[in-house]
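Structure incoming, see below.
The values are calculated or read from the model by the stated rules, or taken from the named source; none is laboratory data. Computed from a predicted structure; not experimentally measured. Glycine gets a Cβ as well: all are built from the backbone with ideal geometry, and neighbour counts include every protein chain shown. These accessible areas exclude ligands, DNA and RNA; they are computed on the full protein's heavy atoms, side chains included. Shrake-Rupley method; radii C 1.70, N 1.55, O 1.52, S 1.80 Å.
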Amino acid sequence: MTTIEYDEQALLELVRIKAIQFGKFRLASGQISNFYLDCRKLTLDSAATNLIAAGMWEKFRDEVPAAVGGMAVGAVPIVASILCFAGLRSVPMCGFFVRREAKDHGTGKRIEGPVEPNQTAIIVEDVVTTGGSCLAAIAAAREFGLQVDRAVTIIDRQPGEHREFERIGVRLESLVTIDQLDLRH
């Protein structure tokens, strides 16, 4: 079996080739940008998703959480790739995703997955601009009872500008920043 090692330069190149689009875009934060980072083109690509899982694993391998999760839909393939990465290393871990709102049928869950209150968890995200989606996932996970003190994103559009994470006691880390890509709004 081939082991996958994290290669930041290879991930940067895949982001440049596959994920960056130029034009005029309204971001989820409401901000207008002259570029868009479509991380689905990375998280749904076998080479890129392996690098992403390896990079995120490198960020938390010394403090492996019991669970990894994030907001649906963007975090779902990231969670799946990290679970596969952990499984190949025989490291027990479960995944979950957070619905934007609880279902109005079935069990009515907002948190989906085999997680239990009091487990340690890390929230993953594809792109963080203001952090709104990631912060919402953290709040929902904590409300469920998960212990969340870290979040990892593939790309941080505003590195060093996330005081809300600090305020709630969450360390935000990224694999790539727009500074590394030489991009600005």
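Kindly indicate whether residue 19 is closer than 14 Å to residue 175 by Cβ, buried (at least 20 other Cβ atoms within 10 Å of the Cβ) and in contact (Cβ under 8 Å) with a residue 12 or more places away in the chain.
yes
To continue, here is another question. In region 60-88, how many residues are open to solvent by 40 Å² or more (accessible area, probe 1.4 Å) and of a type outside the set (A, V, I, L, M)?
5
Is it fair to say residue 173 is open to solvent by 20 Å² or more (accessible area, probe 1.4 Å) and not in a loop (DSSP other than H, G, I, E, B)?
Values: open to solvent by 20 Å² or more (accessible area, probe 1.4 Å): yes; not in a loop (DSSP other than H, G, I, E, B): yes.
Yes.
How do the strands (runs of 3 or more DSSP E) wholly within region 1-110 filter down when requiring 2 or more residues that are of a type outside the set (A, V, I, L, M, F, W, C) and over 19 Å from residue 123 (Cα atoms): which remain?
20-26, 32-37
Moving to a separate point now. Taking residue 183 as meeting all but one of (1) open to solvent by less than 50 Å² (accessible area, probe 1.4 Å); (2) at pLDDT 95 or above, write down the number of the exception.
Every condition holds for residue 183 apart from (2).
Taking the criterion of being within 13 Å of the chain's Cα centre (by Cα), more than 16 Å from residue 173 (Cβ to Cβ) and either surrounded by fewer than 16 Cβ atoms within 10 Å (Cβ to Cβ) or in contact (Cβ under 8 Å) with a residue 60 or more places away in the chain (or both), would at least one residue in region 50-59 satisfy it?
no
Here are the criteria: (1) of a type outside the set (Lys, Arg); (2) modelled with pLDDT of 95 or more; (3) open to solvent by less than 30 Å² (accessible area, probe 1.4 Å). Tell me which single one residue 91 does not satisfy.
Tallying (1) of a type outside the set (Lys, Arg); (2) modelled with pLDDT of 95 or more; (3) open to solvent by less than 30 Å² (accessible area, probe 1.4 Å), residue 91 fails exactly one: (3).
Hey, could you check region 133-165 for residues that are at pLDDT below 95 and part of a helix (DSSP H, G or I) and say which is most open to solvent (accessible area, probe 1.4 Å)?
Among those that are at pLDDT below 95 and part of a helix (DSSP H, G or I), it is 163.
Name the residues in region 94-132 that are among the hydroxyl-bearing types (Ser, Thr, Tyr) and modelled with pLDDT of 95 or more, would you?
Within region 94-132, just 120 meets the criteria.
Across region 114-132, what is the total count of residues that are out of contact with any Ser or Thr (no Cβ under 6 Å at 6 or more places or on another chain), in a loop (DSSP other than H, G, I, E, B) and open to solvent by less than 30 Å² (accessible area, probe 1.4 Å)?
Residues flagged as out of contact with any Ser or Thr (no Cβ under 6 Å at 6 or more places or on another chain), in a loop (DSSP other than H, G, I, E, B) and open to solvent by less than 30 Å² (accessible area, probe 1.4 Å) within region 114-132 amount to 2.
When both residues are 6+ apart or on different chains and their Cβ atoms are under 6 Å apart, which pairs have a first residue that lies in region 117-133 and is in contact (Cβ under 8 Å) with a residue 24 or more places away in the chain, and a second that is of a type in the set (Lys, Arg) and open to solvent by less than 20 Å² (accessible area, probe 1.4 Å)?
122/150; 129/157
Determine which single condition residue 142 fails, assuming it passes every other condition in (1) over 19 Å from residue 111 (Cβ atoms); (2) out of contact with any Phe, Trp or Tyr (no Cβ under 9 Å at 6 or more places or on another chain); (3) charged (D, E, K, R).
(1)
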